[in-house]
Structure formats: structure tokens, C-alpha cells
Amino acid sequence: MPDRPRPAAKRPRSPRAGLAAVARDAAVCRRCDLWKRATQTVFGAGPRDATIMFVGEQPGDVEDRAGEPFVGPAGRLLREALAEAGIDAETVYLTNAVKHFKWRERGKRRIHERPNREETLACRIWLDSEIAIVQPRVLVALGAIAASLILPKAKVTRDRAKPFTSPLAEIVTVTVHPSSILRAPDSESRAEARRQFVKDLRNIAGMARQPRGS
Ligand code: SF4
């Protein structure tokens, strides 16, 4: 893949900038080394005026090839759980804390590797821009990596679906990443983790429906 210049953006785009303009900048980002082994930048997707924004960790193998967030197995689980919780997936904004797939080789497979702190912080400029443009009322971290950026005082298991105030959004909260449900050791614990996740999403839907200032 040819080396291309870093984008000019040094700080999050203003709310006047469009998501497409930020996505174009992110597509040529070289702020950390993760672009070198990934297929492409996977930017967020969803309506510009979404009330709820979900922030995952990073694209997976399927997302890396497709160039879209949450279209692999964990994304399918998220979309099913959203439907069960009464949230139309088409109305929410879905993105990740880190926009390139980090992986290691195991045989013919590309195995997910957790982004480190340096990579996560390098990438936050894009997430900050998405938040500034979409201005979601409810901002949801899916898992610990996203929580470390948008709700660092929270612990995922202790604080799941609890509402916090933040300069980033009227309500910021956290729940598990759907991939953790897929990794549950047996079908019984997977079913229980899924039930808990849908319950969290129902609570999050309730937060989005609350009258403002309540
Ligand atoms: S992971 Fe983020 S910061 Fe690193 S190159 Fe990709 S878009 Fe840029």
C-alpha cells in the first residue's frame, strides 16, 4: 500500500464540518502504525442527527474487508439485540474508538489484537469529530477500550447502563462489547450475557426517550 501524506487535521473538526469530510481525512490517516496492515479505515456510519451513538473498540476482520462498522458476527448480535430492545438500528450512529483493524496471524486467520493506549489516543481525534458533528444525546461505550476514552471513571461491569453526565453528551453510559457475549464459554452463559445486554439496551432506549433536563 503506498505511503500517503498525513491529513492536515490536527484537532477535531467543528460541528459545521460534514461527516463525509472527516471520513475523507480519516481515510488517509497515518497517526499510528495500524493503517499499515489493515485494508482500509473503517469510519462510523449512521444518521448525522442520531440520538444515540454507540462506540465499539475497533473494526474486526469482516469490517476491515467491508469498510463498514459492525457488519461482522458481533455487529449482527448488536443489531439483533437493538431490535429486541426496541431500537431501530438505522436510527443510531455506530462507530469505533480505533478506526483500523489490529490483528495477528494464526494460520490462515487474522486474529483480533487489542489496540494499545498510544493507538487509542492517536485515533480519538476521529471519534471526537464524530461526536462534535452528530452531537448524540446518549453516548454509549461498548466495552473497556471505548469507555477509557469517553467514560474513564466507569467500570464496565459495575456501571453498565448507568447514566453519567459528561461534556461529551447529555448522557454517557457503558455496557459490554457484543463480542464478549460471543466469547462466553458455553451456550447457557452466552444466553444470560445476551439477556443482560438486551436489558442494558432497553435502559439506554429509555434514557433517549426521557424528557430533556429530567
Ligand atoms: S488507527 Fe486511527 S490513528 Fe491509527 S492510522 Fe488508523 S485512523 Fe489513524
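Tabulated values for the structure
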read-out	value
Residue list for region 22-33, restricted to those being part of a helix (DSSP H, G or I) and either near the ligand (Cβ under 9 Å from one of its atoms) or more than 18 Å from the chain's Cα centre (by Cα) (or both)	24, 25, 26, 27, 33
Count - residues of region 29-67 that are among the acidic types (Asp, Glu) and buried (at least 17 other Cβ atoms within 10 Å of the Cβ)	3
Considering residues of region 1-52 that are polar (S, T, N, Q) and at pLDDT 95 or above only, the residue farthest from residue 65 (Cα to Cα)	51
Residue in region 149-158 that is closer than 23 Å to residue 31 by Cα and touching a His at 6+ places or on another chain (Cβ under 7 Å) present	no
Any pair with Cβ under 6 angstrom, 6 or more apart, that starts in region 198-214 at a residue that is at pLDDT below 95 and ends at one that is loosely packed, with under 13 Cβ neighbours inside 10 Å	none
Only one of 154, 141 that is under 24 Å from residue 63 (Cα atoms), of a type in the set (A, V, I, L, M, F, W, C) and surrounded by 18 or more Cβ atoms within 10 Å (Cβ to Cβ)	141
Test set (1) open to solvent by less than 80 Å² (accessible area, probe 1.4 Å); (2) in a loop (DSSP other than H, G, I, E, B) - residue 162 fails condition number	(1)
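The values are calculated or read from the model by the stated rules, or taken from the named source; none is laboratory data. The structure presented is a predicted model; accordingly, all values stated were derived computationally and were not measured. A quick note on method: Cβ atoms are made from the backbone with ideal geometry, for glycine too, and the neighbour counts reach across all protein chains shown. Please note that ligands, DNA and RNA were not included when accessible areas were found on the heavy atoms of the full protein model with its side chains. Shrake-Rupley method; radii C 1.70, N 1.55, O 1.52, S 1.80 Å.
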